[in-house]
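Asks: I'd like to ask some things about the structure below.
Read-outs: derived from the displayed coordinates by stated rules, not from any lab. Just so you know, these numbers come straight off a predicted model, no measurement behind them. Cβ atoms come from the backbone with ideal geometry, glycine included; neighbour counts cover every protein chain shown.
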Amino acid sequence: MKNFRTTKLLTLVLAGTLALAGCSSSKDAGSSGAADGGNAADTNSTAPVTFTFFGADASPNWNNMKDDVGQEITKKTGVTINAEYDVGSGGGDQKISLMAASGQYPDLIYAKGSLSTLIDAGALVDMTDLIDKYAPNLKKLYSSNMNRLKYSNEDPKIYSIPTNVGVDNMIFDATGGFEIQHRVLKELGYPKVKTVQDYENVLKQYVAKHPTTNGQPTIPLTLNADDWKIMITVTNPAFQATGAPDDGEYYIDPTTYEAKLHYKRPEEKEYFRWLNHMYNEGLLDKDTFVQKDDQYKAKISSGRVLGLIDQEWDYQDAENALKSANKNEFTYAHFPVTMSEDIKDKSMQSVGFDGYGISITTSCKDPVRAIKFLDWLASDEGQVLRNWGVEGKHYKVENGKRVIPAEIQNRKVNDASTFSKETGIGLYTAMSGRYGDGVKDSTGNYYTTNFPEQIVASYSDAEKESLKGYNATTWKDLFPNEKDFPVKDWGAAYNMTVPTDGEYQVIWKKTQDIVRKSIPEAVLSKPADFDKVYDNFLASLDKAGAPKMEAEYTTLVKARVSLWTGKDIK
């Protein structure tokens with residue numbers, strides 16, 4: 001699960017209204033795009049204009065474009081973004097369902113898993129012609145991946161441009177897996193951590209020696225089961241630890257493309273049996289299935305949680321608090337832990353180019369100006385600004401190379417939230433397409449700041465010490481390499497759009513309710529009752545209609561493979 005990217009499917013909530021203003025009109029709506037590839041804003045397209053925007057992910061550091069990057073964007077383009085972000089943990093589903101019910105939308109929207117809801121409501125503009133006529137940077141960016149932007153074989157329109165992943169992205173580091181505090185690893189002499197048994201041994205040994213941390217009970221392992229995040233830290237690790245790639249709630253056979261709920265794999269039952277064992281041994285936090293997201297993060301920021309099974313983006317706020325308090329020894333190392341040493345963690349398996357992103361809605365009065373804005377953000381100038389910040393303030397150029405001064409790098413790592421809020425670096429990623437890590441621009445510099453030298457420079461002394469203990473330079477060095485696996489024909493299945501009405505959604509909702517009730521029951525059961533509870537869980541899934549839903553999903557997977565690869569899939 002590379003970027004913990006989990007798509008929640010939803011039913012349409014036909015209640016309530018949401019009033020979001022349409023974009024301000026602009027006198028230059030018909031002006032032409034930049035002819036030179038667009039590394040500078042079109043001089044005919046810089047009159048002041050405001051676009052409303054909704055983002056399905058939370059953005060706690062959003063500063064209403066008062067940050068350095070935001071002010072520079074407005075200066076270059078004339079555009080001001082009036083943004084609203086989802087404040088809960090629901091991925092924007094409820095808010096977007098209310099929009100669809102009311103028929104009122106922001107100008108621009110980052111919808112994630114609710115894209116189909118908006119398409120079914122007729123809320124989104126087909127960007128195919130807009131990109132062709134007015135967006136040379138986007139055309140260049142997506143040139144070899146245009147088929148992957150199309151919605152489906154039956155409806156080949158472009159309703160969104162992927163922004164959560166970069167084109168030609170290379171993974172230089174691991175930010176997920178099974179985590180252990182650096183203080184634990186150091187005291188135990190950097191022990192072997194390859195299997196769940198190894199992981200358990202480390203936590204058990206350390207908590208026996210240190211039952212309290214700063215006067216509070218030490219917690220060997222805690223998980224975040226609040227709402228949809230149960231997928232990230234409780235259920236997704238079941239396929240991760242058993243050698244399957246991340247395809248959301250499904251396992252897809254790489255030969256036949258047949259899909260089934262991944263819980264049905266016998267090896268995953270054994271993973272949940274291990275969690276059950278951890279709970280009954282007192283090693284898994286007893287509050288795992290009742291605590292809220294903020295309580296989970298509060299425990300981590302207290303420094304008393306030895307181990308996590310999570311993605312860094314989920315607990316990063318808590319880890320940043322530890323870094324700000326100069327408690328780097330309480331932050332975490334990443335390991336590819338599996339059920340046995342013969343199983344390979346597939347976290348690094350490539351999905352090709354596949355993602356969700358930003359759309360223009362039918363409420364926008366000036367879609368041409370909107371696409372030109374997105375195009376400028378995708379230009380070299382726009383991408384460098386979004387990723388690196390303002391030259392002379394956040395980076396400098398020495399001998400033709402962009403360099404981040406030590407004091408800026410220190411703030412970026414150890415005061416991340418305040419730095420992000422003030423500078424705006426990283427706050428505009430979702431707003432347009434981009435190249436991924438490892439891609440260089442025409443000057444020979446990387447578009448992003450995530451490349452090996454910079455990643456190593458961002459590590460704390462505690463991280464570097466742990467990495468040295470495992471003869472590694474980055475956390476990725478500990479994981480099986482992407483070259484060990486084929487690129488998945490179907491991309492990231494969790495990004496795939498599915499029916500938003502009809503029987504599929506009814507069955508989906510039933511099975512999800514069963515998963516969220518039964519997995520905690522299985523983990524918290526007495527060991528002698530585990531098999532009965534888990535087998536009843538699987539039977540309940542089938543009784544709810546899972547086989548029919550799986551068959552429909554299989555058809556969608558095969559159609560996607562056909563659209564993307566040209567293969568004749570039966």
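Asks: Hey, what do the phi angles of the range 203-217 turn into as Karplus ³J(HN,Hα) couplings, whole Hz, using 6.51/-1.76/1.60 and θ = phi - 60°, x for Gly and Pro?
Replies: Per residue, the Karplus-derived 3J(HN,Hα) values read 5, 5, 5, 6, 5, 5, 7, 9, x, 10, 9, 6, x, 10, x Hz.
Asks: Here's something else I'd like to know. Counting other Cβ atoms within 10 Å of each Cβ, which trypsin sites (Lys or Arg not before Pro) in the range 378-479 have at most 16 and sit in a DSSP loop? Don't skip to the answer; put the middle values down first.
Replies: Working: sites: Arg386, Lys393, Lys396, Lys401, Arg402, Arg411, Lys412, Lys421, Arg434, Lys440, Lys464, Lys468, Lys476; in loops: Lys393, Arg434.
Sparse-neighbourhood loop trypsin sites (Lys or Arg not before Pro): Lys393.
Asks: Can you figure out the FRET efficiency of Glu258 with Lys483, using R₀ = 30 Å and their beta-carbon distance, to the nearest 0.05? Mind showing how you got there, number by number?
Replies: Details: r = 26 Å, r/R0 = 0.88.
That gives a FRET efficiency of 0.70.
Asks: To the nearest 0.05, how large is the calculated FRET efficiency for Lys548 and Glu281 if R₀ is 45 Å and r is the Cβ-Cβ distance?
Replies: Numbers: r = 39 Å, r/R0 = 0.87.
Step by step, r from the Cβ atoms, then E = 0.70.
Asks: If you count, for each residue, the other Cβ atoms within 10 Å and average over each peptide, how do 157-167, 532-542 line up from highest to lowest?
Replies: Details: 157-167: 21.1, 532-542: 16.3.
Per-residue Cβ counts within 10 Å, averaged per peptide and sorted highest first, yield 157-167, 532-542.
Asks: Moving on. For volume of the Cα convex hull per residue in Å³, which listed value, (i) 158; (ii) 253; (iii) 146, comes from the coordinates shown?
Replies: Label (iii) holds the value from this structure.
Asks: Test of understanding: ordering Trp475, Trp274 by Cβ neighbours within 10 Å, fewest first, what list do you get?
Replies: So the residues, fewest neighbours to most, are Trp274, Trp475.
Asks: Count charges around Lys157 for me, please; just the other residues with Cβ under 9 Å from its Cβ, Lys/Arg as +1, Asp/Glu as -1. Before the final figure, lay out each step's value.
Replies: On the way: positive: Lys150; negative: Asp126, Asp155.
Within the 9 Å Cβ shell, the charges total -1.
Asks: Can you pull the Kirkwood radius for the range 348-410, inverse mean 1/r over Cα pairs, to one decimal in Å?
Replies: Every distinct Cα pair counted, the radius reaches 14.9 Å.
Asks: While we're on this one: Could you work out the longest stretch of the chain that avoids the GluC sites (Glu not before Pro) located in DSSP loops with at most 13 other Cβ atoms within 10 Å?
Replies: Values: sites that count: Glu154, Glu281, Glu341.
Looking at the chain, 342-570 is the longest stretch - no exposed GluC sites (Glu not before Pro) with at most 13 other Cβ atoms within 10 Å.
Asks: Fewest first, what order do Leu306, Leu427 take by the number of other Cβ atoms within 10 Å?
Replies: On the way: Leu306 25, Leu427 20.
Neighbour counts put them in this order, fewest first: Leu427, Leu306.
Asks: Another question, if that's okay. How big is the charge dipole of the chain about its Cα centre, in debye rounded to the nearest 20, if each Lys and Arg gets +1 on its Cβ and each Asp and Glu gets -1 on its Cβ?
Replies: Working: 66 positive and 78 negative charges, 56 e Å.
Charge dipole of the chain: 260 debye, to the nearest 20.
Asks: Can you list residues whose amide H is under 5 Å from Thr195's amide H, if they're 5+ apart or on another chain and H is modeled 1.01 Å from N?
Replies: For Thr195, the qualifying residues are Thr338.
Asks: Got a sec to turn the phi values of the range 521-526 into Karplus ³J(HN,Hα) couplings, 6.51 cos²θ - 1.76 cosθ + 1.60 with θ = phi - 60°, whole Hz, x for Gly and Pro?
Replies: So the J values, rounded to whole Hz, are 4, 5, 5, 8, 6, 5.
Asks: Show me, for the range 160-174, the HN-Hα J-couplings you get by feeding each phi into the Karplus relation (A = 6.51, B = -1.76, C = 1.60, θ = phi - 60°), rounded to Hz, glycine and proline as x.
Replies: Here the 3J(HN,Hα) series is 8, 10, x, 10, 7, 10, x, 5, 6, 5, 10, 8, 9, 8, 9 Hz.
Asks: Report the equivalent ellipsoid semi-axes for the range 493-565 in whole Å, largest first, defined as the square roots of five times the eigenvalues of the gyration tensor built from alpha carbon atoms.
Replies: On the way: eigenvalues 176, 33, 22 Å².
Result for the range 493-565: semi-axes of 30, 13, 10 Å.
Asks: Set the Förster distance to 56 Å, then compute FRET efficiency between Arg273 and Ala47 from the Cβ-Cβ distance, nearest 0.05. Please list the in-between numbers first.
Replies: On the way: r = 63 Å, r/R0 = 1.13.
Here the calculated transfer efficiency is 0.30.
Asks: Then there's this: By how many degrees, 0 to 90 and rounded to 10, does the Cα axis of helix 266-280 deviate from the longest principal axis of the chain?
Replies: The angle comes out at about 70 degrees.
Asks: Can you give me the long-range amide H partners of Val305? Hydrogens built in the peptide plane at 1.01 Å from N, cutoff under 5 Å, separation of 5 or more residues or another chain.
Replies: Close amide H contacts, sequence-distant or interchain: Ile219.
Asks: If amide hydrogens are placed 1.01 Å from N in the peptide plane, which non-local residues have theirs closer than 5 Å to the one on Thr50?
Replies: When sequence neighbours closer than 5 places are left aside, the close amide H contacts are Ser24, Thr80.
Asks: Also: Test of understanding: what is the full-extension gain from Ser102 to Val397, defined as 0.36 nm times their sequence separation minus their Cα-Cα distance? Walk me through the numbers before you get to the answer.
Replies: On the way: separation 295, 0.36 × 295 = 106.20 nm, distance 4.97 nm.
Full extension of this stretch gives 101.2 nm more.
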